[in-house]
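What follows is one structure encoded as structure tokens, with my remarks underneath.
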Amino acid sequence: MKNIDVKKSKGIIAVLCFLLIVLIALSAVLVRSNLRYKRTDRNFNAEISSYKDVIDQKGKELESYSKRASDYESERNALNSKIDDLNKQISIKREQQAQATAPVSATPQPVTPAGEAKTVYLTFDDGPSPHTPAILQILDQYGVKATFFVKDNGSYNAYMKDIVTRGHVIALHSQTHNYSYIYSSDEAFYSDMKNISDIVFQQTGVRTNIMRFPGGSSNTVSKKYNAGIMSRLTKGVTNMGYYYYDWNCDSTDASGNNVPVEKLVSSCMRMPSSNTVIVLMHDTNAKATTVQALPQIIENYRNAGCQFGVISPQTPAVHHSVNN
């Protein structure tokens, strides 16, 4: 009997030892896993820290790029300002040259009495430009006033004030002179006209109701963008209280750049039978020969017994046939 108890005790002890060994093994596994997890966690933390460093570095690079972009914008603005100053200096130089080369015999001659005499209205489209001071100087020397149909020309808009203070008439042409935009719809045209009216008012304090359609009221280019728009606009601007004027004498300076002076002079003398002669010329950077021809054009009109005038609501209407 005792031998049986001993055997049982030994069996229980063996089982307990086995269980103890298993527990120890499990504990070792758990310890290893915990260490591995800690190492992995440390790796994750290190990787996260690395990502944070990269993000910080990219943030610094972005700040550097932003600063360089800001510096570039400042340099660009400074360069544009210098360009504007140079353009103004060039204009002043051209005005001085015009003064030096103007005809000595440019004293205003007596105006032919009204009646059968033709009245010539010199008109300049698309200015102001670098040539505006020279044109104004020649007109002053001959005692002639003209009408300027202006557009938005950036820094040259400052010459609008000179046009008005020297006794000439300023009138509306267009802000953009972009046919595809202004003739795309009635609303686009009126918006463009309001914008140039506001610019003229800001520069001169004048609200003018004299205007000229880009391309004239007879233009056909508008057909490409809106059929029938000129028929509507010619009536619409009149109903709004504006007076639009075309021309019946073409200097032909719009036929190309630097058209020969002789051609411009002879073209201006092809006058209509009407006593109201509205002459089309242009005040742009590409029309230097128009400035050169202007003294002879004025003298020829004077020699033909013509008088000069500026366009006003009382000027007899000169309208083309509307083709759209």
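Please treat every number below as a calculation from the coordinates, not as lab data. If you're wondering where the values come from, they're calculated on a predicted model, not measured in any experiment. Cβ coordinates were reconstructed from backbone atoms using ideal geometry, including for glycine residues, and neighbour counts include every protein chain displayed.
Summary of computed values
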read-out: Likely footprinting exposure, 17, 306, 249, 268, fewest C-beta neighbours within 10 Å first; value: 17, 306, 249, 268
read-out: Region 272-286 - phi-based ³J(HN,Hα) in whole Hz, Karplus 6.51/-1.76/1.60, Gly and Pro as x; value: x, 6, 5, 6, 9, 10, 9, 9, 8, 9, 10, 10, 9, 4, 8
read-out: Candidates per trypsin sites (Lys or Arg not before Pro) in region 188-273, loop by DSSP, up to 15 other Cβ within 10 Å; value: 207, 270
read-out: Anisotropy class of region 192-324 from Cα gyration tensor, a/c 1.5 cut; value: prolate
read-out: Set 161/223; 118/145; 145/235; 161/235 screened for pairs whose C-alpha atoms are more than 27 Å apart; value: 161/223; 145/235; 161/235
read-out: Selection from 239, 261, 251 lying farthest towards where the dipole of region 232-321 points positive, charges on Cβ; value: 239
